[in-house]
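Scroll down for the structure; my scribbles are underneath it.
The values are calculated or read from the model by the stated rules, or taken from the named source; none is laboratory data. The structure displayed is predicted, hence computed values, not measured ones. Glycine also receives a Cβ, built like all others from the backbone with ideal geometry; neighbour counts cover every protein chain displayed. Calculation scope for accessible area: heavy atoms of the full protein, side chains included, ligands and nucleic acids excluded. Shrake-Rupley method; radii C 1.70, N 1.55, O 1.52, S 1.80 Å.
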Number of protein chains: 2
Amino acid sequence: MELFGGTEVVAPEGGTMRGLLRVGDGFADLGTVDPRSTPGLPGAAGHGGDRKAWARRQVGLLGVGLGRQQEMLYAAATGAAGPDAPTSAPTTADTGLERGRPGRVLLVLQAMDCGGKDGTIKRVAGAMNPLGLHIRSFGPPTAQERRHGFLWRIRRALPPPGYVGIFNRSHYEDVLIARVESLVPEATWRARYDEINAFERELTDAGVGLVKVLLHISYAEQGQRLLERLTDPAKHWKYRPSDLDSRARWDDYQAAYAEALARCDTDAAPWYVVPADRKWYRDWAVAHLLRETFDDLDLGYPAADFDVAAERRRLCGD
Amino acid sequence: MELFGGTEVVAPEGGTMRGLLRVGDGFADLGTVDPRSTPGLPGAAGHGGDRKAWARRQVGLLGVGLGRQQEMLYAAATGAAGPDAPTSAPTTADTGLERGRPGRVLLVLQAMDCGGKDGTIKRVAGAMNPLGLHIRSFGPPTAQERRHGFLWRIRRALPPPGYVGIFNRSHYEDVLIARVESLVPEATWRARYDEINAFERELTDAGVGLVKVLLHISYAEQGQRLLERLTDPAKHWKYRPSDLDSRARWDDYQAAYAEALARCDTDAAPWYVVPADRKWYRDWAVAHLLRETFDDLDLGYPAADFDVAAERRRLCGD
């Protein structure tokens with residue numbers, strides 16, 4: 001084993017990452033997951049002593065594979081659309097959920113403030129071709145969005161076939177902040193768990209590879225990261241005074257997360273809790289979750305829909 | 001000088017990249033630009049002998065700086081919007097061109113088939129944070145798009161303030177393929193040069209840093225790359241039989257490009273021709289063009305719009 005972890009992707013120890021991180025039956029309390037733990041990480045014999053350097057190197061190697069799989073996904077959608085199909089993309093019009101369309105992947109990232117959503121996107125998505133990414137962030141709904149059901153803006157933000165979508169926050173805010181801050185009556189947010197499950201079932205039925213991830217940090221780690229944002233002038237822009245108001249309601253948010261995860265963890269669309277106090281572990285775990293999702297899609301490059309030999313003659317005869 | 005080019009960004013030799021690559025006064029013929037030339041590349045004393053490895057390493061270093069400048073651009077837009085602004089982004093609704101809004105950058109990439117647009121995006125944009133990128137590809141207009149003027153879909157695809165937009169093809173197709181393939185009457189495409197200049201003036205007046213790049217490859221290099229796509233099954237999906245029809249009209253396209261560049265090179269929105277037969281030079285040149293554009297914006301991290309000391313007390317007193 002080389003110092004920085006070899007040149008091949010090493011599988012997680014003890015099972016698939018999805019198996020190791022999925023919220024279990026009867027899950028009810030985030031307190032049972034240690035934000036500093038590292039499920040699946042090989043022991044010292046596997047990582048050669050410096051597990052942080054090893055994991056970073058592994059993320060780089062995983063990124064190469066993710067980039068290739070993402071290209072195959074994109075190629076399948078482009079090829080199936082036919083040679084003269086419009087290539088304008090991504091458009092909001094092309095997100096229909098008819099069955100039989102080429103696959104797509106959607107990574108849903110949720111976390112408390114400072115949980116590492118942006119950093120995860122930078123590290124993990126940064127390894128893929130930006131042309132094939134469809135990243136959408138969700139903040140407080142606009143006036144127009146509030147005139148529709150809570151899933152309206154979510155549907156419009158879905159990745160088109162062939163794309164890897166990333167949701168930086170998501171429809172889960174509508175059972176998290178909406179609940180903790182009493183933005184809607186309890187009966188309203190309570191009804192949303194079933195609406196979410198039905199919606200996600202529709203997504204997975206349409207061939208969307210859905211990966212729902214909670215980046216799980218500790219109260220202490222959040223405090224440390226907020227302090228960094230208040231200390232480094234280059235990070236002031238990431239800080240909002242309202243972050244401390246949310247922090248004051250930490251336990252309420254943890255309870256809201258726990259219920260959302262318990263109610264909306266389904267076999268079609270499971271929830272994964274990634275311990276995220278250690279950034280290098282977080283990135284490594286999310287990269288593996290994505291890899292396992294891609295593997296399920298059983299991707300390959302599409303066969304040519306033209307006569308290759310004839311085209312070669314056309315080209316070389318000129 | 002280290003073997004792979006040191007650890008600092010080296011400026012182009014002989015002037016700025018923008019100065020070296022801008023189409024000159026009286027430009028009329030792409031034949032005057034050698035697609036294998038390397039304007040601005042330092043001599044052997046500068047790159048240490050292996051110029052390809054040197055340039056690749058430099059692109060990596062340039063990418064770090066581009067990533068930082070892109071973050072500053074994003075931070076300025078986020079900060080100026082205020083702490084409670086919706087963060088839903090990017091939306092098509094938020095692309096207004098009122099003056100005084102935070103800056104944005106728009107890289108317009110044009111090229112013949114196989115010219116390297118996708119590769120450039122992967123290499124150069126791949127160095128930036130995907131969260132702050134707004135990439136749009138333009139193919140043949142849809143039925144809906146054809147019911148509007150040719151700039152309608154372009155306006156809808158502009159990056160919101162704070163974002164780095166990349167157009168993979170653009171409104172220039174409306175004076176290129178539209179002309180060569182006679183998709184519209186001559187009077188129609190002829191009128192578009194002035195429309196484009198007025199539109200781009202509107203963009204730059206609104207603070208959009210516009211970088212228009214033609215990736216200029218040779219007929220021989222295109223043939224080589226098409227052959228690769230026909231030879232490697234993993235690249236078949238990138239090939240379309242219609243590529244050879246366009247290739248048969250190479251001279252017509254080169255003439256259409258030459259006139260578009262001559263007519264739409266303005267001081268507000270200059271055109272740059274990047275010799276692109278050598279991919280490592282192409283990436284290096286485009287990274288420098290972007291860097292010089294960012295430098296013009298004179299970016300910095302925004303000052304806190306809250307009382308930093310008071311927030312620290314709030315945080316640490318809890």
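Quick notes on this one:
- Helix A:51-80 axis, angle to chain A major axis (alpha carbon atoms, nearest 10°): 50
- Per residue of peptide B:229-238, the mean number of Cβ atoms on other chains within 10 Å of the residue Cβ is 6.
- Near the amide H of A:L210, within less than 5 Å, lie the amide hydrogens of A:L106, all on another chain or at least 5 residues away, with H placed in the peptide plane.
- Each helix, a run of at least 4 DSSP H residues, gives -39500 (n - 2.57); summed and divided by the residues of chain A, these come to -13500 deg cm²/dmol at 222 nm.
- Remark: the range B:127-251 carries 38 Å² of accessible area per residue (probe radius 1.4 Å; ligands, DNA and RNA excluded).
- Residue (of B:F167, B:V273, B:P241) at the positive-pole extreme of the protein assembly as shown, dipole from beta-carbon charges: B:V273
- What separates the Cα centres of the range A:26-78 and the range B:172-251 is a distance of 40 Å.
- The amide H of A:I166, built 1.01 Å from its N in the peptide plane, has A:L107, A:H134, A:I135, A:R136 as neighbours under 5 Å, considering only residues 5 or more places off or on other chains.
- Computed log10 I(q)/I(0) for the protein assembly as shown at 0.06, 0.08, 0.11, 0.12 Å⁻¹: -0.34, -0.62, -1.19, -1.41, from the Debye equation with unit scatterers placed on every C-alpha and solvent omitted.
- R0 of 35 Å, Cβ-Cβ distance B:D307-A:T142: FRET efficiency to nearest 0.05: 0.75
- Against chain B, whose longest principal axis comes from its Cα atoms, helix B:250-264 is set at around 40 degrees.
- For the chain pair B and A, the buried solvent-accessible surface (1.4 Å probe, both sides summed) amounts to about 5200 Å².
- Magnitude of the charge dipole for chain B, about its Cα centre and with charges confined to Cβ atoms of Lys, Arg (+1) and Asp, Glu (-1), is about 800 debye.
- Helix A:219-231 axis versus longest C-alpha principal axis of chain A: approximately 80°, rounded to the nearest ten.
- Rounded percent of accessible protein surface that carbon and sulfur make up, the protein assembly as shown, 1.4 Å probe: 49
- Each peptide among A:120-128, B:297-305 gets the average number of other Cβ atoms lying within 10 Å of its residues, and from highest to lowest they stand as A:120-128, B:297-305.
- Chain B - convex hull of the alpha-carbon atoms, volume per residue in Å³: 177
- The label point for A:D34 and the one for A:E13, both projected 7 Å from the Cα toward the Cβ, are 1.4 nm apart.
- Largest to smallest in accessible area, the residues A:S242, A:S137 fall in the order A:S242, A:S137 (1.4 Å probe, all protein chains included).
- Take each residue in B:124-132, count the other chain C-beta atoms within 10 Å of its C-beta, and the mean is 6.
- Stokes-Einstein translational diffusion, the range A:212-280 - Kirkwood Rh over all Cα pairs, 0.692 mPa s, 37 °C, in µm²/s: 239
- Cβ neighbours within 10 Å from other chains - mean over A:241-247: 3
- Rounded to whole Hz, the Karplus (6.51, -1.76, 1.60) HN-Hα couplings of the range B:106-115, x for glycine and proline: 9, 9, 9, 10, 10, 5, 5, 3, 6, x
- Using the Cβ-Cβ distance between A:A234 and B:S182 with R0 set to 45 Å, the FRET efficiency works out to roughly 0.25.
- Heavy atoms of A:I166: accessible area, 1.4 Å probe, square angstrom to 10: 10
- Result for chain B in a Gaussian network model with C-alpha springs under 10 Å: among B:K117, B:K279, B:K238, the largest mean-square fluctuation is at B:K238.
- A straight Cα-to-Cα reach below 18 Å connects A:K238 with the lysines A:K117, A:K122, A:K279, residues fewer than 8 places away in its own chain not being considered.
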